[in-house]
Amino acid sequence: MQTVDAMGKACPTPVIMTRKALRDNDVVVTRVSEKIATENISKMAKQLGYKVSVEQKGDHEWAVTVEKQATMPTACDAAINATTVEDSGDQQRIEPATFNSIRLSDGYIVVLDSNEVGRGDSTLGKQLAKSFVSSLTEQDVLPEYILMFNSGVKLAMKDADTVEDLQALEKMGVKVMECGICVNFFDIKDQLGVGSITNMFRITELMRTAQRVVKPC
């Protein structure tokens, strides 16, 4: 059993910490200070077919216990942890991903066209962008490419709070690419800390031929 201290951590960090601990442990107890974190961890555990229980320890402290158990994968598991592959014909099929096995999915692309996620408050949008990129590092199925254009290229800057996660993804085999026109527009070529520069033709081609494109709104 492993205990994870996620006290004071905002979501999705407690979920990510719990999921990471579950890679090497059958039972994980996560301490959190927000009720919403207990709900999010519980949802994650149920989606994976694991047993989960929540115990309130104080006014602002909960312990969430997640325990692996032998269950058949559900339809929800297949949808969440699946990667699209080609069969012997030309038809696509869905292959479930193994929880403890990180893999790249050919034809799966993530597009980041802004250094903010969503519309509204700019500060919140930047926090959501960081959370999105951080969450990618803890997925069992990783994209083949991460394509960045417009202000999304700023996420690859050396002083960006997303650069370490992007570097980690690159080390795991994800190809990180930035739009050259956009890099020149913002004059940040010498400030990039990850990835390689490409052009909009290549970005368009990759998106057109991709099996799955994920873009945070």
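Of everything in the stretch 150-177 that is part of a loop (DSSP other than H, G, I, E, B) and open to solvent by less than 40 Å² (accessible area, probe 1.4 Å), the residue that is farthest from V214 (Cα to Cα) is A160.
Taking the criterion of being closer than 19 Å to V133 by Cα, assigned to a loop (DSSP other than H, G, I, E, B) and touching a Ser or Thr at 6+ places or on another chain (Cβ under 6 Å), the only residue of the stretch 7-52 that qualifies is P12. Against the numbered list (1) in contact (Cβ under 8 Å) with a residue 24 or more places away in the chain; (2) loosely packed, with under 13 Cβ neighbours inside 10 Å; (3) among the β-branched types (V, I, T), T204 comes up short only at (1). Beta carbons closer than 7 Å, at least 6 apart along the sequence or on distinct chains, pair a first residue in the stretch 183-201 that is in contact (Cβ under 8 Å) with a residue 40 or more places away in the chain and closer than 18 Å to D113 by Cβ with a second that is assigned to a helix (DSSP H, G or I) and open to solvent by 30 Å² or more (accessible area, probe 1.4 Å) for G195/E170; M200/I181. Contact annotation: residue pairs with Cβ atoms under 7 Å, 6 or more positions apart or on different chains, pairing a residue in the stretch 154-178 that is among the polar types (S, T, N, Q) with a partner that is open to solvent by less than 70 Å² (accessible area, probe 1.4 Å) and part of a helix (DSSP H, G or I), are T162/A129; T162/V133; T162/L155. Scanning the stretch 131-149 for residues that are open to solvent by less than 30 Å² (accessible area, probe 1.4 Å) and in a strand (DSSP E or B) yields V141, L142, P143, Y145, I146, L147, M148.
Does T198 count as hydroxyl-bearing (S, T, Y) and either surrounded by 13 or more Cβ atoms within 10 Å (Cβ to Cβ) or within 14 Å of P143 (Cα to Cα) (or both)? For T198, the condition - hydroxyl-bearing (S, T, Y) and either surrounded by 13 or more Cβ atoms within 10 Å (Cβ to Cβ) or within 14 Å of P143 (Cα to Cα) (or both) - is met.
The values are calculated or read from the model by the stated rules, or taken from the named source; none is laboratory data. Predicted model, so just to flag it, every value in this text is computed and none were measured. Positions of Cβ are generated from backbone atoms using ideal geometry, with glycine treated the same way; all protein chains shown enter the neighbour counts. Keep in mind that these areas ignore ligands, DNA and RNA; they rest on the heavy atoms of the full protein, side chains included. Shrake-Rupley method; radii C 1.70, N 1.55, O 1.52, S 1.80 Å.
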